[in-house]
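A short worksheet on the structure shown next.
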Amino acid sequence: MSLKAEFEQCADDVMKMKARPTDSEMRELYGLYKQASVGDINIEKPGLLDMKGKAKWNAWNLKKGMSNEDAMNAYISLAKEVTEKYGM
């Protein structure tokens, strides 16, 4: 299986989990997913009152400079860990 195919499979598996991961696990997954699929952050930071948007922006911004391949590998590792932990 290619890296991209494994990444997409893991992303699909994350969406099918029985229980929701912790907020910190979700932020880490989000940041890695966006870095792997889009690359470096390319949007403005959300306003002060948009707490969810700011959390997502910060999670993605922390991955700035990471290569797409490294982000995919890190996402795959974390996705496998959380799907094992929370079940599918």
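The values are calculated or read from the model by the stated rules, or taken from the named source; none is laboratory data. Please read all numbers here as calculations on a predicted model, not as lab measurements. Neighbour counts are summed over all protein chains in view; Cβ atoms, including those assigned to glycine, are modelled from backbone coordinates with ideal geometry. Accessible surface is based on the protein model in full, side chains and every heavy atom, while ligands, DNA and RNA are left aside. Shrake-Rupley method; radii C 1.70, N 1.55, O 1.52, S 1.80 Å.
What angle, in degrees between 0 and 90 and rounded to the nearest 10, separates the Cα long axis of helix 68-86 from the longest principal axis of the Cα atoms of the chain?
It is inclined by approximately 60 degrees.
For GLY87, what charge total do you get from the other residues with a beta carbon under 12 Å from its beta carbon, if Lys and Arg give +1 and Asp and Glu give -1?
On the way: positive: LYS16, LYS18, ARG20, LYS85; negative: ASP13, GLU84.
Net local charge, GLY87 excluded: +2.
Could you work out which residue, out of MET66, MET26, MET51, moves most in a Gaussian network model of the chain, that is, has the largest mean-square fluctuation with Cα springs under 10 Å?
Maximum fluctuation in the GNM of the chain, among the listed residues, is at MET51.
For LYS64, go through the aspartates and glutamates and keep the ones whose alpha-carbon is under 16 Å away, minus same-chain ones fewer than eight residues off.
Within reach: GLU28, ASP40, GLU44.
To one decimal place, what Kirkwood hydrodynamic radius in Å is obtained for region 1-74 from all pairs of distinct Cα atoms?
Details: mean 1/r = 0.0771 Å⁻¹.
So the Kirkwood estimate lands at 13.0 Å.
If you roll a 1.4 Å probe over the heavy atoms of the protein chains, what accessible area per residue do you get for the chain, in Å²? Can you show the working numbers first?
Details: 5690 Å² over 88 residues.
About 65 Å² of surface per residue is accessible.
If you roll a 1.4 angstrom probe over the protein chains with everything in place, what fraction of the accessible area of the chain belongs to carbon and sulfur, to the nearest %?
Values: 2960 of 5690 Å².
Here carbon and sulfur together make up 52 percent of the probe-accessible area.
How far, in degrees from 0 to 90, does helix 51-61 lean away from the longest principal axis of the Cα atoms of the chain, to the nearest 10?
For 51-61 against the chain, the angle is about 70 degrees.
About the Cα centre of the chain, what is the dipole size in debye to 20, counting +1 per Lys and Arg Cβ and -1 per Asp and Glu Cβ, all else neutral? Working shown, then result.
Values: 14 positive and 14 negative charges, 68 e Å.
In total the dipole reaches around 320 debye.
What ranking do 80-87, 6-13 get when scored by the average of other Cβ atoms within 10 Å per residue, highest first? Display every interim value, and only then the final one.
Details: 80-87: 13.9, 6-13: 15.9.
Per-residue mean Cβ counts within 10 Å order the peptides as 6-13, 80-87.
Calculated from DSSP H runs of 4 or more alone, at -39500 (n - 2.57) each and per residue, what is the 222 nm mean residue ellipticity of the chain, nearest 500?
Working: 4 runs with 58 residues, N = 88.
Roughly -21500 deg cm²/dmol at 222 nm, from the helical runs in the chain.
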